[in-house]
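Worksheet for the structure shown next.
The values are calculated or read from the model by the stated rules, or taken from the named source; none is laboratory data. As the structure is a prediction and not an experimental result, all values here were calculated from the model. Please note that ligands, DNA and RNA were not included when accessible areas were found on the heavy atoms of the full protein model with its side chains. Shrake-Rupley method; radii C 1.70, N 1.55, O 1.52, S 1.80 Å.
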Amino acid sequence: MNSFVSTVFYGLAASLFWGSGDFSGGLASRRARATSVVLAGYAVGFVFLAALAIVFREPFPHPSDFLWGALSGLTGVAGLVAFYTALASGKMGIAAPLAALLTAGLPVLFSIFTNGLPAPLQLGGFALALVAIILIARPERGGLAGGASRAIGLALVAGFGFGLFFIFISRVSPATTFGSLAIARFTSVASLFALQVIRRRPLNPGMAVAPLVALAGGLDALGNVFFLLAAHSGRLDIAAIVSSLYPAATVLLAALILRERVQRAQAVGILLALVAIPLISV
């Protein structure tokens with residue numbers, strides 16, 4: 001299996017696990033505060049990743065892995081808080097597509113700057129995939145009236161946070177995959193915990209949603225693992241673009257399990273993604 005195919009395969013696995021984790025977390029957030037669900041899910045992910053590092057007898061992370069892991073954890077959680085705040089403002093139609101574009105686009109620009117341009121067909125696949133991500137992430141309703149500038153600012157922060165997470169976590173050593181991801185997750189948990197305490201928000205989402213929270217945390221952690229495998233097996237831009245298709249998994253699970261209607265734009269986005277993937281794999 002060549003490096004391009006391996007990167008796409010691992011990236012698709014990451015998108016599947018991330019999208020499934022978001023679906024599980026979304027169900028839990030219907031019955032508990034979203035930030036409490038994320039905090040508990042991240043804590044589960046930290047324990048899961050730390051256990052994997054021990055089971056696979058990974059070497060102790062190098063100081064540089066601590067640095068990259070901590071930076072990715074901080075930027076990832078900053079992006080998440082900004083994204084939730086933007087969505088809470090009621091401007092989902094602005095925030096979600098803009099954040100999705102930056103999340104995928106920033107690692108692509110970084111990879112092109114550091115590794116050079118990919119093949120022309122792959123560039124075409126990137127363009128189709130970016131359009132697909134925006135269409136799939138776009139909610140049913142949204143507008144530009146009142147509060148749009150604040151939503152745009154928050155979406156920019158969210159997109160940069162998620163994009164920097166991709167870049168920073170890709171810099172860790174392949175030998176300490178689980179340990180470095182555990183460091184990133186611990187940093188996120190500590191940051192969210194402090195934020196919840198400062199805001200005097202509940203920390204525990206409740207036992208009623210514990211199974212969904214545990215499932216979401218485990219799936220999200222596995223998504224991180226497969227993203228790192230994708231980034232380490234080939235180009236970061238390919239790994240980031242393919243992994244960023246995770247909203248498609250969430251949309252399809254919602255359609256299959258909850259019988260939610262797939263919007264026309266989302267259906268077009270999924271079809272574009274199916275065309276983009278083989279082009280990127282060339």
Legend entry - Within a Gaussian network of the chain (alpha carbon springs, distance under 10 Å), most fluctuating of 44, 108, 262: 262
Legend entry - Protein accessible area in segment 154-282, 1.4 Å probe - carbon and sulfur %: 72 percent
Inset, instruction - Calculate, for the chain, the solvent-accessible area per residue in square angstrom, rolling a 1.4 angstrom probe over the heavy atoms of the protein chains. - result: 46 Å²
Legend entry - Linear extension gain, residue 264 paired with residue 121, 0.36 nm per residue minus alpha-carbon span: 48.8 nm
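When only C-alpha pairs under 8 Å and at least 6 residues apart count, what is the relative contact order of the chain, in percent? The partial results should precede the final answer.
Details: 502 pairs, mean separation 124.5, N = 282.
Relative CO of the chain lands at 44 percent.
State the extension gain, in nm to one decimal, for the chain segment bounded by residue 200 and residue 56, taking 0.36 nm per residue of separation less the distance between their alpha-carbons.
Details: separation 144, 0.36 × 144 = 51.84 nm, distance 3.86 nm.
Result for the pair: 48.0 nm of gain on full extension.
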